[in-house]
Amino acid sequence: MPTRRNKRVQKCKDDRFSNLPDEILHQILSFNDTKNAVQTCLLSKRFKNLWKTLPDLSFDSMNFNRVFCFKRFVLDVLTHRDPSVDIGKFSLTRRDRIDKSFMTKVIDYVVSHNVKDLSLPVDWGEFRLPQRLIECESINSLLMETFRPEILPGHWFGFVGLQDLHLSRMQFHYESQQPFDPFSSCPNLRSLYLGDCYLSGFSVFRITGPQLINFSLSNFIIANRGRIELLAPMLTSFSFENSIPQCFALVDLPALSNVNVQVFLPQQFFRSNPTKQKAADALTNMFRVLRHARFVTLSYDTIEILAKAPNRLQHQPSPFMELEKMKLKMQLEENSIAISPHVTAYLLSASGSHATLEVEVESRAIHELVDDIDGETDVMSNV
């Protein structure tokens with residue numbers, strides 16, 4: 001049974017919490033889904049109306065037993081919010097296809113309240129984004145899933161104020177002999193992520209990013225031998241993961257510093273010499289584009305592609321002229337890992353003997369100073 005003293009201590013703690021400024025309470029509540037935040041506010045008279053001024057809102061249909069209840073809750077919150085409070089972050093997650101009327105109301109609200117960070121991982125179906133959303137200049141961060149150009153009015157991306165863009169599960173089909181340059185209307189874009197993407201119908205996929213600093217591709221495919229043209233003079237970080245090697249147009253990326261290449265090739269790709277050589281050609285072509293990188297991380301699959309096509313490397317110049325450190329990430333199931341001399345020479349000879357090679361196995365790092373680039377690096381691991 002609680003004592004009188006314990007009750008006084010608890011009351012003191014409650015009073016101190018209640019006396020916190022609304023801005024601090026908003027930050028605390030923003031760590032919760034909006035449903036939980038509203039329920040928390042209703043437990044106290046002091047916080048009863050605090051949810052109405054929350055600048056950050058997050059809704060997830062998984063927190064509701066029925067879709068009807070989810071949509072009603074979202075619209076009730078938006079209807080009863082303080083209309084003078086703009087939205088900082090807004091996230092709405094819906095696994096099934098969205099309702100057009102419902103989504104139109106949500107978009108109208110967030111645009112009219114100058115949303116800055118917008119996250120919409122939903123199944124768009126046949127829905128088309130309203131022009132007012134495309135032209136919303138307050139949005140500087142955007143995340144979208146199941147993205148297709150057809151949902152855009154005129155197939156034009158827009159979002160002129162955008163700085164951070166994350167697109168996943170997307171498909172682009174663009175029948176044209178001209179380069180496909182969907183993000184040229186985003187001159188302020190600084191970070192771009194494209195994941196689970198399938199592109200087709202054009203020969204050149206151009207990324208125009210005069211301010212672009214970070215660019216990531218994951219599970220990315222261009223059909224019909226299309227190539228990527230990266231026009232980003234300020235790019236400092238590039239990541240290419242879980243994808244088969246793609247063809248890149250030879251461009252200059254003078255500011256590039258950090259590169260992460262984790263290619264994926266099914267084992268059947270290694271069964272024929274033409275396929276192995278084609279993969280190695282695409283990879284060495286990519287490395288020429290990334291030649292200014294100072295810190296490079298490569299996966300075991302990436303090294304294996306080079307090792308399987310030694311004839312292709314004999315006539316290729318070493319790409320990384322400014323390399324300071326290279327990390328090789330090896331898979332856990334490998335009992336013996338060998339990096340052949342021709343691969344070592346290809347990767348490191350342009351940087352001279354000062355480059356550091358790090359081999360990571362089972363989260364244990366083995367550091368080596370590469371003094372003799374013609375020698376063989378053999379790391380034995382008991383897994």
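The values are calculated or read from the model by the stated rules, or taken from the named source; none is laboratory data. Please read these numbers as outputs of a predicted model, since none were measured by experiment. Here Cβ is always computed from backbone atoms with ideal geometry, including for glycine, and neighbour counts include all displayed protein chains. To get the accessible areas, we keep the full protein, side chains included, count just its heavy atoms, and leave off ligands, DNA and RNA. Shrake-Rupley method; radii C 1.70, N 1.55, O 1.52, S 1.80 Å.
General remarks:
- Given 276/325; 278/325; 48/89; 45/89; 48/100; 35/116, the pairs whose alpha carbons are separated by over 24 Å: 276/325; 278/325; 45/89; 48/100
- For residue 123, nonlocal amide neighbours, meaning residues 5 or more places apart or on other chains whose placed amide H falls under 5 Å from its own, are 94, 98.
- Each of 303, 213 has its accessible area taken with a 1.4 Å probe; listed largest first, they run 213, 303.
- Rolling a 1.4 Å probe over the protein heavy atoms gives the range 146-288 an accessible area of 42 Å² per residue.
- When nucleic acids and ligands are ignored and a 1.4 Å probe is applied, residue 198 ends up with an accessible area of around 110 Å².
- Distance in nm between pseudo-label sites at residue 99 and residue 315 (7 Å out along the Cβ direction from Cα): 6.4
- Counting only protein chain heavy atoms and rolling a 1.4 Å probe, the accessible areas of 94, 148, 81, 190 rank, largest first, as 190, 148, 94, 81.
- Projected area, mean over directions - the range 31-168, Cα convex hull, nm²: 8.2
- Each of residue 126 and residue 151 was given a label point 7 Å from its Cα along the Cα-to-Cβ line. The distance between the two points is 1.6 nm.
- Surface calculation, 1.4 Å probe, protein heavy atoms: residue 48 sits at approximately 120 Å² accessible.
- Accessible area of residue 250 in the full protein assembly, 1.4 Å probe (Å², nearest 10): 120
- Percent carbon-and-sulfur accessible area, the range 205-327, ignoring ligands, DNA and RNA, probe 1.4 Å: 48
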